[in-house]
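Reviewing the structure listed below.
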Amino acid sequence: MITFDQGITPDAQTGVIQETERPYTSYLAIVTQTAEAAPSAVVAESGSLGTLTWARTATGSFSITAVEPVFITNKTYCTVGRLLGGVESGSFAEIYPSSTTVIVLNTYIAESGSYSAAKTDALLSSTPVEIKVY
């Protein structure tokens, strides 16, 4: 049996750490966005963060909004997986909490032959997005 430093023990039969035993709550979704539409998210896990709403706010800019102030300052960790085309195509993303209710996700493509990048739509294609609040 594995026991973690915080005294958290996975379920003996399934090996899963229950939400009530984790030192964080987690949201995990597989996200796709096309053209100028808002992203669609297939939520795999939402923990106690409640319903999060996805919106397109501008070209290559998206918001993830919570009803309640659940994104705690300096205790919210966000990550986004591989974008359409991957690093070899020059695509990349940034994701960060902008307030206690909003997380911002921007997607970019690097401009060839320069050190700049342009915000771009349609780069989220079955892209995993994870938010953890400790």
Checklist outcome for this item: Checked against (1) outside any loop (DSSP other than H, G, I, E, B); (2) of a type in the set (A, V, I, L, M); (3) more than 22 Å from Ala118 (Cα to Cα), Leu49 satisfies every condition except (1)
Checklist entry - Applying the selection to region 45-71, what residues are under 17 Å from Pro23 (Cα atoms) and either basic (Lys, Arg) or within 12 Å of the chain's Cα centre (by Cα) (or both)? => result Glu45, Ser46
Checklist entry - Listed residues Val70, Val43, Val80; which is among the β-branched types (Val, Ile, Thr), within 17 Å of Ser126 (Cα to Cα) and crowded, with 17+ Cβ neighbours inside 10 Å? => result Val80
Checklist entry - Of all the residues that make up region 83-131, how many are surrounded by 13 or more Cβ atoms within 10 Å (Cβ to Cβ), over 16 Å from the mean Cα position of the chain (by Cα), of a type in the set (S, T, N, Q) and in a loop (DSSP other than H, G, I, E, B)? => result 1
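Return yes when Glu21 is modelled with pLDDT under 95, among the acidic types (Asp, Glu), more than 17 Å from Ser125 (Cβ to Cβ) and touching a strand residue (DSSP E or B) at 6+ places or on another chain (Cβ under 6 Å) and no when it is not.
Considered against the rule, which asks whether it is modelled with pLDDT under 95, among the acidic types (Asp, Glu), more than 17 Å from Ser125 (Cβ to Cβ) and touching a strand residue (DSSP E or B) at 6+ places or on another chain (Cβ under 6 Å), Glu21 comes out as no.
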Checklist outcome for this item: Apart from one, (1) in contact with a Cys (Cβ under 6 Å, 6 or more places away or on another chain); (2) aliphatic (A, V, I, L, M); (3) more than 20 Å from Thr107 (Cα to Cα) all hold for Ile95; the odd one out is (3)
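The values are calculated or read from the model by the stated rules, or taken from the named source; none is laboratory data. Quick caveat: nothing in here was measured; it's all calculated off a predicted structure. Neighbour counts run over all protein chains shown; Cβ positions are idealised from the backbone, glycine included.
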